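No value in this document is a laboratory result; all are computed from the given coordinates. Quick caveat, the model's predicted, so the values are computed rather than measured. Heads up, the Cβs are rebuilt from the backbone with ideal geometry, glycines too, and the neighbour counts pull from every protein chain shown.
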4 protein chains.
Amino acid sequence: MPDLQRIIDNIHAELLPQLGTGKVADYIPELAKVNPHRFGIAVATVGGGSYFAGDAGEPFSIQSISKVFSLTLALGKHGDALWSRVGREPSGSSFNSIVQLEHESGVPRNPFINAGAIVVCDAILAGHRPREAIGEILRFVRSVADDDTIAIDPAVAQSEQKTGFRNVALASYMRSFGNLLHPVELTLGVYFHQCAISMTCRQLARAGLFLANGGHMPQTGLTVVSRDRARRICALMLMCGHYDGSGDFAFRVGLPGKSGVGGGILAVAPGQASVAVWSPGLDEHGNSQLGTRALQLLAERTGWSIFG
Amino acid sequence: MPDLQRIIDNIHAELLPQLGTGKVADYIPELAKVNPHRFGIAVATVGGGSYFAGDAGEPFSIQSISKVFSLTLALGKHGDALWSRVGREPSGSSFNSIVQLEHESGVPRNPFINAGAIVVCDAILAGHRPREAIGEILRFVRSVADDDTIAIDPAVAQSEQKTGFRNVALASYMRSFGNLLHPVELTLGVYFHQCAISMTCRQLARAGLFLANGGHMPQTGLTVVSRDRARRICALMLMCGHYDGSGDFAFRVGLPGKSGVGGGILAVAPGQASVAVWSPGLDEHGNSQLGTRALQLLAERTGWSIFG
Amino acid sequence: MPDLQRIIDNIHAELLPQLGTGKVADYIPELAKVNPHRFGIAVATVGGGSYFAGDAGEPFSIQSISKVFSLTLALGKHGDALWSRVGREPSGSSFNSIVQLEHESGVPRNPFINAGAIVVCDAILAGHRPREAIGEILRFVRSVADDDTIAIDPAVAQSEQKTGFRNVALASYMRSFGNLLHPVELTLGVYFHQCAISMTCRQLARAGLFLANGGHMPQTGLTVVSRDRARRICALMLMCGHYDGSGDFAFRVGLPGKSGVGGGILAVAPGQASVAVWSPGLDEHGNSQLGTRALQLLAERTGWSIFG
Amino acid sequence: MPDLQRIIDNIHAELLPQLGTGKVADYIPELAKVNPHRFGIAVATVGGGSYFAGDAGEPFSIQSISKVFSLTLALGKHGDALWSRVGREPSGSSFNSIVQLEHESGVPRNPFINAGAIVVCDAILAGHRPREAIGEILRFVRSVADDDTIAIDPAVAQSEQKTGFRNVALASYMRSFGNLLHPVELTLGVYFHQCAISMTCRQLARAGLFLANGGHMPQTGLTVVSRDRARRICALMLMCGHYDGSGDFAFRVGLPGKSGVGGGILAVAPGQASVAVWSPGLDEHGNSQLGTRALQLLAERTGWSIFG
């Protein structure tokens, strides 16, 4: 599909003049140091194609995109029992809101807001030490990306640990309701390290391919999850993947996606491709501004929207 | 596609023993009179096929499903300007919640919760008398269903008008913020009549076909909306079509849909078909219990899920 | 007590340079027409003394101060049964918030926020036509003020009726929960007329005297309410009389009081005196800015604080 | 005042049959061990009188009553600057709600809900080590009670520290807004120890006497705070001393008071007396059920209500 490379090149070129708009995340000191003038796109197709533009080979902090991988892992370990501890509904609130937890007895709305992702980490931690749980998440990401060089950025992990008071609040709050089974600092240790995984757009696009391909990795033929589970993870990404901007993303882009405050977005075109974009400037909901626009153009020009 | 008829027949037969579970809506006296032992399924494919089972030919009150048609009509009249008066995000609250309006200056979260649909009616009312606006909505529904026998049930409309205090509250509240341009009773007159449209599953499935077919009616070749708008209406249906049960519906069914408290659901399988189901027993979010299960089985057996 | 006159004169003189600060209520067109440079003080002591300064003889719209009189009247008719329909707790929210109603099944937090006062009017309306209920409230105010010239300003009443959408929302909302027994427009008719009562500071100070004097009018010897009820009305005024500025008023002034958006405040010094102040400029909670300061100085200089 | 002893004896005798109703606090394991059949009353008058009945000499965990003393201490150190970090309004929510913090940028509504008291402890901690701050609070309580035997119960302090996840959440949340200046565990160390102070009703009644006596200790002649500050602390106790049951307490009792989940209440009759009651059974807001009734009867029979 030679067109795909041209489409990506054109999108990159058209959006380049807008580079630097949006606001780089500054609530974690390490993230604030990132060069705002970065912009990368990578597409991996289920047919084995691989296309990229711009800074697609530069690693960035995937942050909340990691929640897709840890959810997949936790579902593999606990199955649907996980859903007694975390819901599957859009939250209607910002990513770190605590209000909903008070109204709903410490059960987070979905696994992609911070509180929900902390519960997911707590579920992965069961029977393990934090170091082991972190290792397990990292190994899983490496395996679906088919790339053993992927690593955690220790400076980012430490930076999160030092300043993540709001996450401590969320975790302690859920623990007061009995919805966290391990000491807060252990579960958050896992969470902060998971968020600090560094990946390039190329690695990320490959890592998401099993979701576009009915649960199988086309690269290796390995089955990661059942087709049904792949679908449902995509459904959750569409409904909840962009916090209180999820509706707008579905409306404009029409693809399941998950954003991170590092400026990355992983999007899935079922049956077609996995796409990763990265540009650090964020919109008011904490989603990459240029990344969203790039995905909107890509969906328009490829016809990949899941809505027909 | 002879299989499709068999699939529907099987689903109908399998679920029939569960008939009568769930709770029939009783907040409008007229709706409470409906026989809970009704269950119909109709499928209209973009290729012209038409399949049905059970009570697919019996008319029922479409209630909130009408919001899909009035939104389509209002977008045709006002275009994207409509989005300054109503949002596009899931609400995270029940269908008649007023809390969010107070926190967000009288702008409803989306056009499918009551407050949002009232704003849409207010937009359609612009420059018209209520009777004309109601006529326009009814004519639009008749045209997309290609069926001039569709009518409004006056008993239901009156019943709503007499007991709809909560909708009066929502409308008055938005008027206090200047987000309702007509007197409350006029706008609600339109709204209550729209909700009282009666349709059969067969009519409803036909009426939704333009959304499955890129904006065109395959029956007549008429273009109702652009492909892009059809997609976006589907995106809104998926994100917000089932109130605070939208996430669960997307997770289990994986199709854009819109439910009504009359027990109907309209679902769209882009590029494939439009589906209408009806069974009056509702779950705790106000969505048809049997209808949801029927759609889940249908999506599983046809592979129509938009998530691959 | 010749000192009292001097104290009042001094306070009036000291605060006069600040006249015109604060924001005149503009949400009712008629109120917006008031001259912001008005400032009156009147004190009526239980011993029969009467002191005033500034514009104490000029009538103004008492607005929410009327809620003290209608509550007294409703308690006389219904006794403690009234408390099943309205609470006795500070709301923590603004005067016209609807959020709390949704969370607490349509029962307003207290009788001095709008929703609560509407319920009180609904209770007074029982068995009457609106015109009669309005007449009853007006007669009651005239009797406790011992002044038959007190009247309702029809222009203000009409102005409220035309623009009071938020109050329609509150009333309709409570009606949907069954906590309003009459049609919304009838109950609000009573409410809007009650708020439109016009009084001077002198009249208002006299009208509050029974609350300072254990339920008896020292002027006439008449018993209006029992000592116990007088105390409890004062308790409610202290806790809830200034909306979400009640805590600050108690902290600074230390007297039970009730404010109105017309710029008036009625304060009670138990066993001592009743005080009325008026100045139209409001603070951010909707309470008279200069009026509050005047009462703070008065409490300091007389030692009337109920807190010792 | 020989009557006062008889009044107290009668109240004690009348209420004794109701002993054991209400629910003993169980969220801290150590508190759950308390014998629910305890009931003590102590009154200390500004004239030097001292009256008691029942278990007035048995120590109990004063819990949130300690917040009155730490607030007094913090105001002495920081003056009105403290009010930039904590509000003075009733919260309208339960004692450990976190919702309000999210809506108001981490500034608690008042110093008597948990979040507010934690901020007060943080202010006392400034420039100290936790051990010193705890010592300072204990010394202050001993000095106003004129009794050096008062101590902290280490088992209760430890019990709180082990299970206080919700307080960790509140503190971490405020730290994320910059409204906590010390590490969460240090500030909470102070808070948990303060709550674990053990006192008898007799000691507590004496300790509150300065608030009833214009800021001076009648026992020793010492000035603890200015008359104005004593008044304002009383105002805060009235407005916020019983969480979301404050309105009801003011309505029924009419005295400034502060309750603790250990079942104690300290009430102040300005110019008259300080009263301490204790009975572990709590009502639904977390306030001593029998203690509240005892205070209601006492206020009725002495005429001490601040509302006349």
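Cβ neighbours within 10 Å, averaged per peptide: list C:269-279, D:211-221 in order, most packed at the top. Could the numbers behind the result be given before it?
Working: C:269-279: 26.7, D:211-221: 19.5.
Final packing ranking: C:269-279, D:211-221.
Show me the ranking of peptides C:173-180, B:68-75, C:78-85 by mean Cβ neighbours inside 10 Å, starting with the highest. Walk me through the numbers before you get to the answer.
Working: C:173-180: 21.6, B:68-75: 24.0, C:78-85: 13.8.
Final packing ranking: B:68-75, C:173-180, C:78-85.
Which ³J(HN,Hα) values in Hz, rounded to whole numbers, follow from the phi angles of region A:160-172 under the Karplus curve 6.51 cos²θ - 1.76 cosθ + 1.60, where θ = phi - 60° and Gly and Pro get x?
Once rounded to whole Hz, the list reads 5, 4, 6, 10, x, 4, 5, 5, 4, 4, 4, 5, 5.
For Cα pairs less than 8 Å apart in space and 6+ apart in sequence, what is the mean separation divided by the residue count of region D:142-234, i.e. the relative contact order in percent?
On the way: 89 pairs, mean separation 29.6, N = 93.
That works out to 32 percent.
Provide the three semi-axes, in whole Å and in decreasing order, of the ellipsoid equivalent to region C:136-215 as defined by the square roots of 5 times the Cα gyration tensor eigenvalues. Write out the running numbers ahead of the final one.
Values: eigenvalues 157, 51, 19 Å².
After scaling each eigenvalue by five and taking roots: 28, 16, 10 Å.
Please work out the C-alpha center-to-center distance from region C:136-176 to region B:1-40 and express it in whole Å.
Using only Cα atoms to place each centre, the spacing works out to 51 Å.
Sort out for me the Cα centre separation of region B:249-272 from region A:239-263, rounded to whole Å.
For region B:249-272 versus region A:239-263, the Cα centre distance is 21 Å.
Taking a label point 7 Å from the Cα of residue A:132 along the Cα→Cβ vector, which residues of region A:78-92 have an amide N closer than 16 Å to it?
A:78
Express the C-alpha Rg of chain A as a ratio against the empirical globular expectation 2.2 N^0.38 Å, rounded to two decimals.
Working it through for chain A, the quotient is 0.91.
Per DSSP H run of n ≥ 4, the term is -39500 (n - 2.57); total these for chain D, divide by its residue number, and report the mean residue ellipticity at 222 nm rounded to 500 deg cm²/dmol.
Values: 14 runs with 144 residues, N = 308.
Calculated at 222 nm, the ellipticity per residue is -14000 deg cm²/dmol.
Given the C-alpha atoms of region C:64-197, compute the convex hull and give its volume per residue in Å³. Don't skip to the answer; put the middle values down first.
On the way: hull volume 13.0 nm³, N = 134.
That works out to 97 Å³ per residue.
Using the Kirkwood radius over C-alpha pairs as Rh, can you work out the diffusion coefficient of region C:210-294 via Stokes-Einstein at 10 °C, viscosity 1.306 mPa s, in µm² per second? Before the final figure, lay out the partial values.
Working: Rh = 13.0 Å.
Value of D from the Cα-based Kirkwood radius: 122 µm²/s.
For the residue pair residue B:148 and residue C:104, what label-to-label distance in nm results when each label sits 7 Å from Cα along the Cα-to-beta-carbon direction?
A separation of 5.7 nm, rounded to one decimal place.
Would you list, by chain and number, the lysines whose Cα falls below 24 Å from the Cα of residue A:33, excluding same-chain residues fewer than 8 positions away?
List returned: A:23, A:67, A:162, A:258.
Compute and list, largest first, the equivalent-ellipsoid semi-axes of the protein assembly as shown from the alpha carbon gyration tensor, each √(5λ) rounded to a whole angstrom.
Each semi-axis is the square root of five times an eigenvalue, giving 57, 39, 26 Å.
Find how many whole Å separate the alpha carbon centroid of region C:59-75 from the alpha carbon centroid of region A:192-210.
Their Cα centres are 65 Å away from one another.
Could you work out, residue by residue across A:227-240, how many beta carbons of other chains sit within 10 Å of that residue's beta carbon, and then give the average as an integer?
On the way: counts 4, 4, 0, 2, 10, 6, 2, 7, 12, 4, 1, 9, 10, 4.
So the per-residue partner count for this stretch is 5.
Suppose each label sits 7 Å from its Cα in the direction of the beta carbon; what would the residue D:158-residue D:3 distance come out to in nanometres?
5.0 nm
Report the relative contact order of region A:8-65, percent, no decimals, based on alpha-carbon pairs under 8 angstrom and at least 6 residues apart.
Details: 52 pairs, mean separation 18.2, N = 58.
Rounded, it is 31 percent for region A:8-65.
Please turn the phi angles of region B:60-73 into ³J(HN,Hα) values with the Karplus equation 6.51 cos²θ - 1.76 cosθ + 1.60 (θ = phi - 60°), one per residue in order, whole Hz, x for glycine and proline.
Computed from phi, the couplings for region B:60-73 are 9, 7, 6, 6, 5, 4, 4, 5, 5, 6, 5, 4, 4, 5 Hz.
Shortest first and in nm with one decimal, please list how far the residue C:10 label point sits from its counterparts in the other copies (point 7 Å along Cα→Cβ).
Copy-to-copy label distances for residue C:10: 4.4, 8.3, 9.4 nm.
How much of the calculated P(r) for region D:1-95 lies past 21 Å, in percent of all Cα pairs? Mind dumping the intermediate values first?
On the way: 2537 of 4465 pairs.
Value for region D:1-95: 57 percent of Cα pairs lie more than 21 Å apart.
Can you work out ³J(HN,Hα) from phi for every residue in region D:33-45, in order, using Karplus 6.51 cos²θ - 1.76 cosθ + 1.60 and θ = phi - 60°, giving whole Hz and x for Gly and Pro?
These are the phi-based 3J(HN,Hα) values: 7, 5, 5, x, 8, 10, 7, x, 9, 9, 10, 10, 8 Hz.
Rounding to the nearest 20 debye, state how big the charge dipole of region D:150-244 is about its Cα centre with +1 on each Lys and Arg Cβ and -1 on each Asp and Glu Cβ.
Working: 9 positive and 5 negative charges, 58 e Å.
Roughly 280 debye, rounded to the nearest 20.
So for chain D, averaging the separation of alpha carbon pairs under 8 Å that are six or more residues apart and normalising by length, what relative contact order in percent results? Numbers along the way, then the final one.
Values: 648 pairs, mean separation 82.4, N = 308.
Computed value for chain D: 27 percent relative contact order.
Between helix B:130-145 and chain B, what is the angle of the helix's C-alpha long axis to the longest principal axis, kept within 0 to 90° and rounded to the nearest 10?
Once rounded, one gets 20 degrees.
Kirkwood hydrodynamic radius, computed over distinct alpha-carbon pairs, for region A:120-253: how many Å, to one decimal?
Working: mean 1/r = 0.0606 Å⁻¹.
The answer is 16.5 Å.
On average, how many beta carbons from a partner chain sit within 10 Å of the beta carbon of a residue in B:81-88?
On the way: counts 0, 0, 2, 0, 0, 0, 3, 8.
Neighbouring Cβ atoms belonging to other protein chains average 2 per residue here.
Kindly give Rg over Rh for region D:4-48, based on alpha-carbon atoms, with the Kirkwood expression for the hydrodynamic radius.
On the way: Rg = 14.1 Å, Rh = 12.7 Å.
Reported Rg/Rh, Kirkwood definition of Rh: 1.11.
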